[in-house]
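Enquirer: Next up is a structure, given as structure tokens.
The values are calculated or read from the model by the stated rules, or taken from the named source; none is laboratory data. If you're wondering where the values come from, they're calculated on a predicted model, not measured in any experiment. Every residue, glycine among them, receives a Cβ derived from its backbone with ideal geometry; neighbour counts consider all protein chains shown. Remember, those area values only see protein heavy atoms, side chains included, never the ligands or the DNA or RNA. Shrake-Rupley method; radii C 1.70, N 1.55, O 1.52, S 1.80 Å.
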Amino acid sequence: MTQVATLPDPLAEVAPPRGRSGGAAWAAWLARRLGLAVLTLWLVSVLVFLATAALGDPVRAILGRDYDTNVGRREQLEAQLGVGDSIVTRYVDWLGGLVTGDFGTSLANQQPVWQQVSDTVVNTLVLVLLAAAVMIPLAFGIAMISAHFRRRRPDTVIQTILLALAGVPEFVTGILLVALFSTSVFNIFPAVTIASPTARPWDTPEGMVLPVATLVVAVTPYVSRIVRATLLEVLDSDYVELARLKGIPEPVVMRKHALLNAIVPGIQVIALQLAWLAGGVVLVETLFSYPGVGRQLVDSVRNHDVPMVQALSMIIAGVYIVVNLVADVLSILLTPRARTAISS
Amino acid sequence: MTAPTRDVPQTTTPAGGLVVEDLGVTLTGRPVDVVDDIDLVLRPGEVVGLVGESGSGKTTVGTSLLAYSRAGALISSGKVLLEGRDVLQLPWKEVRQLRGEEIAYVPQDPASALNPSIRIGKQLVELHQLRGVGTAESRLQAARDGLAEVGLPNDDEFLRRYAHQLSGGQVQRVALAMAFLPKPKVLVLDEPTTGLDVTTQKMVLDTMAQLCRSHGVCALYVTHDLAVVANIADRVAVMYAGQIAELGPKDAVFANPSHPYTRALLDSIPHLSQARALKGIPGRTPAPGARPDGCRFSDRCTYVVDACKQQVPPLISVAPDHEARCIRVGEIGMWDINRGTVPDADPNRKRDVILSVEGLNVFYGRKQIVHDVTFDLAKGEVVALVGESGSGKTTISRSVGGLHKEWTGAVRFEGRELARSARSRSAEDRRRIQYIFQNPYLSLNPRLTIEQIIRRPMELFGIAKGKQATDRVLQLMEQVALGSGMLHYQASRLSGGERQRVAIARALAAEPDVMVCDEITSALDVSVQGSIVALLEGLRKERGISMLFVTHNLALVRSISARVEILQAGRVVEAGSVVTVMDTPREEYTRKLLSDSPRVG
Amino acid sequence: MSTTASLPSTPSFLGRAMKQKRFVFGFTVTLLVIAFAVLAPLVAPYGEEETAGPPYSKGGLFGTDYLGQDVLSRLMHGGQGVLLISVLATLLGMVLGILIGVVAAYAGGWWDEVLMRLNDVLLAFPQILLALVVLTALQNPAAWVIIVLVGVSHAPRVARVSRGVALGIVSRDFVVAAEALGEKRSRVIVAEVLPNMIGPLLAEAGLRLTYSIGVVAALGFLGFAADPGAANWGQMMNENRLGLQTQPWAVLAPVLMIAIFTIATNLMADGLAQLSQRGD
């Protein structure tokens, strides 16, 4: 190599922040994030309590016409809900129970809430995780195929179909799937998940096909569209152009330069949709009589079973907050700019 | 080499050079030329400057040398010959092999051209790794050598950085190192120093020139900046509206520009050595599909005759190796680089101070950006605040204009102390000090019409309303050379130069005594900058408006202002009349700025 | 530095929208469904709660439902309520959300921090959950309760979007210029900021309408409708679910109406979103 003199004073430029020794900074950042999550959860509890206990009169709602006649039952319910106490006292009692793991007693059947909820939580998690396991590869696959054909016919067709599906409410999709696969047209899958109250849903796997499929159809279009848009944006970026002009083969450009930068928005949209699933299960579980949190919630709302609704709402909101927290941390870990901004 | 190159291409290209013949690029949907009829030779070891304003197609030509066109355009005709092989005809696999290894590209905006999530070291060795060149150690060593060549640190810590952890100049030099690593024969540089400070720009340009010479690489340097070309190029090609208007050795083009466009362009740029009365080029650069028949420049040319509009003129030889695309090339006379120079502002003029800044300290949060700055501005005077990025020049102007309120010290207007933020100043003070922003694409509400934008200050300050206001809007538009036909246009329909004129008219509508101009020409083409500067000079003379002119361009300072404050890291390092500071600088920093600024003539 | 952007003219946002296939299709179908919901009750063969024959029989175009009411007539009567509630809930959600988002973005600092933190709390509730929690303590909610619940559940989502859009605008120099001239803050928001948000906000409104229909119909489907006897597309699905095997049309007819309407509003919203990304 020809000798070229090193140019003068190259280091005179502002030294950029160092990306090392940020352990303490990381801990502080994480602590702040966790603190915010706890704060949000606490505000959520206030809101849940106010909405269920302060807005209406659950005892009147439960007893209906019997409110005036069945005084004994009324007093029993009022005692259980602590109607006589001030709202602050009731909230503090309830919150104290939540923190110590005591979710209270169901008004409908006088069983501890925790006991009734523990199984259904697992059932719902299984349902959501199955749906996610199918949805993620499917959505990314469709997005990559679509991006490959960018703005040509296959892309347009895929995008139009996805767009149409994205708008349809999940229970509408579910009913259409039921009509198609478990009634007159094809009688392949059962329309309800399980009949016996003690059995677990996965004991009859064919019963889980339609609920999972419904959730997948409800979520995939959205994720897939976002991932495609991100991929296209990245493929149009200057650094991908430079990689091509450097003579890097197209598959490597795709794999190393494009996908790496498209993954963070992908994670965020998946998190958003997983969190959405926490609400989406309400309808899908009801539709398919799936023994999960969602159906339990709807039943409890119908029965005006305040302690159950409070517990289930807190669980759903908690899942939402945790999923978002995890997604935030992952996104930051995978984005060098954000990562170094914290540690410096 | 006076004969057109296409006759005997093989004999005129020595090994290592590149020949472009009759290159044309069109839009994909419509049969519209983006560029056409491009003939160009790059000889080994030589730097050819490809100069043009926005819309000239210079970048399109640059990437075409790598057989690449951006989405929406395609290379439709011509040859790019590298050692006898036509790059445009090669099979796809060979083109890819050739990119990087034989023809390398240095991008315009390296900050976005380096992958944000791959470490610098990895990006540097990527190509060699893919091609299986050498071992892991030898590749790493080559990357370290490459970084040393461009004057960057090459330790492990540096290799592990991401692009966002480097400064602008460092990023650009990484891009240069990356381009030189595979030892290419041809280098295409696409405005690689846009947005860099002059000292950094100088360093990057020197590095590039040195590497080209020592490696025997020929380079095509694409830029809008004539002054840069005057400093680094061996030959110059001036592009206008998709064609080469003039082509020749650098000295010949600058000493004897033969195309009217080249002359107009040179008339519009300021010189470091002497004040000039700058002139713009009237009208706009026509977009592809809207270009005039015949000579593309005919609708804006001062030398135009009927024959110009008949057919596209060929490149006509002016002197050996020097050609211009103008049929009147022999008739338009000689030209002098010093045409248009005027006496510098008189340093001994009596000053009647209207605005003074005393002991200004400005903060952003807890960080102090500006330290104890003191200067003043007299009636009918232009004072320039000059400095590189981070010098605090814009911060000072924003504090004076009341747009930033975290500051201490005093800003006195006619002796009275002004409140910190515009909102807490009196309406009269707000009216009399007007602020004009750098980027006219951001400073006008795209939803409003020109009339609404210009008349708003009149209504707000109770200067005029109704029919009277409309009349005044029309007067102001005439004054800033905007046609009255644009009255009901939305701002989004205007070009950058037109928008900046609207912004000036909006400021004038308030009938100000002081205008704070924050880099108001830096987002514009040089020919547009010329006309804006001419407009400001007229306003100063006719209305006696004082201006605080923020800029990074020292040459521009010479032509526009009477006094100058040189800023570095938030402090004034040197101040005084323009003639004194620029001809006999006292401070080392000023001298360095002056010597690093590219010069024309 | 590529080509000069000198468009000959830029027609209004809606003018440009009318040239876009996706938007025009969505818009037309949306109008058709609304027209159906508004006009159909006038020509319905049977009254809203009128018995037309035995339950789940084949008479009429779509047969009869679980009470023997004519499904076609129920379908014709059942659109108005759902659509009206959805539209009003969307409006409420948009107004609240824009207000929160724009104020947060324009005021910045502590205001922004506090407003958005509270917003995050509301966001932690899936939309349907917020409605359900409140319905626990109420019996037979009135229509306005559902409008408020759905509207409020939209607000934090709209607020997040409009804050994002507004942040990109309040930092622009024309807003700073208006501040420097001393314009009133309310005028800066109304005259400078909001007009530049129209495109994205229209798109958001379209999207919100799509979701409104989903939530309102879902509440009906879950059996929380305002008026248990009245025809309502969501409720019709719930009432006739058990008859899906024997008389599928009693369920499928309202399902298809909702599907068509949501697809149409979503296409419309996406068309607007594409335009607002491309233009300006």
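Enquirer: Placing +1 on the Cβ of each Lys and Arg and -1 on the Cβ of each Asp and Glu in the protein assembly as shown, which of B:Phe437, C:Leu209, B:Val87 has its Cα farthest towards the positive end of the resulting dipole?
Expert: B:Phe437
Enquirer: Just reorder A:Arg74, B:Arg161 by solvent-accessible area, largest first, 1.4 Å probe, all chains present.
Expert: Ranking A:Arg74, B:Arg161 by accessible area, largest first, yields A:Arg74, B:Arg161.
Enquirer: With +1 on each Lys and Arg Cβ and -1 on each Asp and Glu Cβ, how big is the dipole of region B:341-387 about its Cα centre, in debye rounded to the nearest 20?
Expert: Here region B:341-387 has a charge dipole of around 180 debye.
Enquirer: Okay, next question. Mean Kyte-Doolittle of at least 0.0 plus a Cα span of 24 Å or more along the axis: flag which DSSP H helices in chain A meet both, please.
Expert: A:23-49, A:113-148, A:206-235, A:259-288, A:306-334
Enquirer: Can I ask one more? Heavy atoms only, probe 1.4 angstrom, no DNA, RNA or ligands counted: give me A:Asp119, B:Asp39, B:Asp372 ranked by accessible area, highest first.
Expert: Largest accessible area first, the list is B:Asp372, A:Asp119, B:Asp39.
Enquirer: Moving on to the next point. Relative contact order of region A:223-262: what whole-number percent is it, with Cα pairs under 8 angstrom and at least 6 residues apart?
Expert: Averaging sequence separation for qualifying contacts and normalising by length gives 49 percent for region A:223-262.
Enquirer: Calculate how steeply helix C:249-278 sits against the longest principal axis of the alpha-carbon atoms of chain C, using the helix alpha-carbon long axis, and give the answer as 0 to 90 degrees to the nearest 10.
Expert: That helix lies at roughly 10 degrees to the long axis.
Enquirer: Taking 8 Å as the Cα distance limit and 6 or more residues as the minimum spacing, I'd like the relative contact order of region B:18-251 as a percentage.
Expert: 32 percent
Enquirer: Please give the residues from region A:60-89 for which the solvent-accessible area of heavy atoms, probe 1.4 Å, is smaller by at least 20 Å² with all protein chains in place than with the chain isolated.
Expert: A:Ala61
Enquirer: So, one more: Given a 1.4 Å probe and the protein chains all in place, what does the accessible area of A:Ile142 round to, in Å² to the nearest 10?
Expert: We get 40 Å² for A:Ile142.
Enquirer: Quick check: with the 1.4 Å probe, what order do B:Lys79, B:Lys405 take by accessible area, largest first?
Expert: So the residues, ranked largest to smallest area, are B:Lys405, B:Lys79.
Enquirer: Sticking with this structure for a sec: Could you sort out which of B:Lys202/B:Lys350; B:Lys79/B:Lys183; A:Lys256/B:Lys58; B:Lys58/B:Lys309; B:Lys122/B:Lys183; B:Lys79/B:Lys202 sit more than 28 Å apart by Cα distance in this structure?
Expert: B:Lys202/B:Lys350; A:Lys256/B:Lys58; B:Lys79/B:Lys202
Enquirer: Can I ask one more? Using a 7 Å offset from the Cα along the Cα-to-Cβ direction at both B:Arg349 and C:Val95, what is the distance between the two label points in nm, to one decimal?
Expert: It is 5.9 nm.
Enquirer: Identify all lysines with a Cα-Cα distance to B:Lys465 below 20 Å; exclude those on the same chain that are fewer than 8 residues away in sequence.
Expert: C:Lys184
Enquirer: Ignoring ligands, DNA and RNA, how much accessible area is buried between chains C and B, both sides summed, with a 1.4 Å probe, to the nearest 100 Å²?
Expert: Approximately 2800 Å² gets buried when C meets B.
Enquirer: For the interface of A with B, what's the total buried accessible surface in square angstrom, probe 1.4 angstrom, rounded to the nearest hundred?
Expert: Protein heavy atoms only, the A-B interface buries about 3900 Å².
Enquirer: In terms of the Cα gyration tensor, with a ≥ b ≥ c the square roots of its eigenvalues, is chain A rounded because a/c is under 1.5, prolate because a/b exceeds b/c, or oblate?
Expert: oblate
Enquirer: Threshold 50 Å², probe 1.4 Å: give the residues of region C:219-250, in number order, that are less accessible with all protein chains present than with their chain alone.
Expert: C:Phe221, C:Leu222, C:Phe224, C:Arg241, C:Leu244, C:Gln245
Enquirer: How much accessible area per residue does the protein assembly as shown have, counting only protein heavy atoms and a probe of 1.4 Å, in square angstrom?
Expert: 40 Å²
Enquirer: How many angstrom separate the Cα center of region B:546-563 from the Cα center of region B:195-241?
Expert: 25 Å
Enquirer: Among A:Leu125, A:Val216, A:Tyr91, whose Cα lies farthest out toward the positive end of the dipole of chain A, if unit charges sit on the beta carbon of Lys, Arg (+1) and Asp, Glu (-1)?
Expert: A:Val216
Enquirer: Students often forget the sequence filter, so: which aspartates and glutamates lie under 16 Å Cα-Cα from B:Lys592 once same-chain residues fewer than 8 apart are removed?
Expert: Cross-link targets: A:Asp9, A:Glu13, B:Asp197, B:Asp206, B:Glu388, B:Glu565, B:Glu574, B:Asp583.
Enquirer: If you roll a 1.4 Å probe over region B:18-251 with all protein chains in place, what percent of the accessible area is carbon or sulfur?
Expert: Looking at region B:18-251 in its full context, I get 50 percent from C and S.
Enquirer: Over what distance in Å are the Cα centres of region B:314-382 and region C:248-276 separated?
Expert: Region B:314-382 and region C:248-276 have Cα centres spaced 61 Å from each other.
Enquirer: Cα gyration tensor of region C:181-280, axes a ≥ b ≥ c as square roots of the eigenvalues: rounded (a/c below 1.5), prolate (a/b > b/c) or oblate?
Expert: It is oblate, given that a/c is not under 1.5 and a/b is not larger than b/c.
Enquirer: Quick one: Cα centre-to-centre distance for region C:159-188 and region B:429-490, in angstrom?
Expert: Here the two parts' Cα centres lie 19 Å apart.
Enquirer: Would you mind classifying region B:383-477 by shape? Square roots of the alpha carbon gyration tensor eigenvalues, ordered a ≥ b ≥ c; an a/c under 1.5 is rounded, otherwise it is prolate if a/b is larger than b/c and oblate if not.
Expert: It is oblate, given that a/c is not under 1.5 and a/b is not larger than b/c.
Enquirer: Given charges of +1 on the Cβ of Lys and Arg and -1 on the Cβ of Asp and Glu, with all other atoms neutral, how large is the dipole of region A:23-99 about its Cα centre, in debye to the nearest 20?
Expert: 380 debye
Enquirer: Counting pairs of alpha carbon atoms under 8 Å apart in space and at least six apart in sequence, what relative contact order in percent does chain B give?
Expert: Relative contact order here is 15 percent.
Enquirer: If you don't mind, there's one more thing I want to ask. Heavy-atom accessible area of C:Tyr66 with all protein chains present, probe 1.4 Å, nearest 10 Å²?
Expert: C:Tyr66 has an accessible surface of roughly 90 Å² with all protein chains in place.
Enquirer: Then there's this: Let me spell out the model: positive unit charges on the Cβ of Lys and Arg, negative unit charges on the Cβ of Asp and Glu, origin at the Cα centre of region A:51-180. What dipole size does that give, in debye rounded to 20?
Expert: With Lys and Arg at +1 and Asp and Glu at -1, about 920 debye.
Enquirer: Still on this structure, please answer the following. Find the sum over both chains of the accessible area lost when C and A are paired, probe 1.4 Å, and report it in Å² to the nearest 100.
Expert: Buried area between the two chains comes out at roughly 4000 Å².
Enquirer: To continue, here is another question. Straight-line reach from C:Lys21: which aspartates and glutamates fall under 12 Å, measuring Cα to Cα and dropping same-chain residues less than 8 apart?
Expert: Answer for C:Lys21, where 12 Å is the Cα cut-off: C:Asp270, listed by chain and number.
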